[in-house]
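Worksheet for the structure shown next.
The values are calculated or read from the model by the stated rules, or taken from the named source; none is laboratory data. Keep in mind that this is a model prediction, so the values were computed, not measured. Glycine gets a Cβ as well: all are built from the backbone with ideal geometry, and neighbour counts include every protein chain shown.
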Amino acid sequence: MIRVRRGDIFTVDLEPTVGREQRNRRPVLVVSPDNYNDKFAPLVCPITTGGTNVRDRGFAVELSGGKTIGVVLCNQMRTLDLDARQAKRVESIDAAKLRDVLFVLQDIVADN
């Protein structure tokens, strides 16, 4: 069983997908808290090198300076069974960048 922590980046195969969901094998960022991840499949956001439309609308957070370069697509959050999908841990992002991602997620789901 994979130990999953908020802020971890894994590579995982996102198939099967439908519609406009992110496809194929790509990095994902774990956004759910550790106590949740200990009991349930984690909530993740895919990471892409594209995402221009999402960047322009403020729903993406850029990653750079580590092994993973791209943008976190906060508008594509989903639950994944990382064990069943044979995910591989790549790295963890720093606390400041994680706060940026969580702020965007809060903005998406908050009742404004």
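Looking across the range 91-101, the residues that are among the hydrophobic types (A, V, I, L, M, F, W, C) and surrounded by fewer than 16 Cβ atoms within 10 Å (Cβ to Cβ) come down to A95, A96. Considering the range 1-18, and only residues there that are part of a loop (DSSP other than H, G, I, E, B) and closer than 10 Å to S92 by Cβ, the residue that is farthest from the chain's Cα centre (by Cα) turns out to be R5.
Among the criteria (1) at pLDDT below 95; (2) surrounded by fewer than 18 Cβ atoms within 10 Å (Cβ to Cβ); (3) of a type outside the set (K, R), the one A60 does not fulfil is (2). When the range 83-95 is filtered for residues that are touching a residue at least 24 places away in the same chain (Cβ under 8 Å) and either touching a Leu at 6+ places or on another chain (Cβ under 7 Å) or small (G, A, S) (or both), the ones remaining, listed by number, are A87, S92, I93, A95. I'd like the full set of residues that are within 22 Å of D38 (Cβ to Cβ) and either of a type in the set (G, A, S) or surrounded by fewer than 18 Cβ atoms within 10 Å (Cβ to Cβ) (or both), limited to the range 63-84. R78, T79, D81, D83, A84, listed by residue number.
Tell me whether the range 16-32 contains one or more residues that are loosely packed, with under 14 Cβ neighbours inside 10 Å and at pLDDT 95 or above. For the range 16-32, residues loosely packed, with under 14 Cβ neighbours inside 10 Å and at pLDDT 95 or above: absent. Taken together, L29, L98, L105, L80 contain a single residue that is farther than 14 Å from G7 by Cα and touching a residue at least 60 places away in the same chain (Cβ under 8 Å), which is L80.
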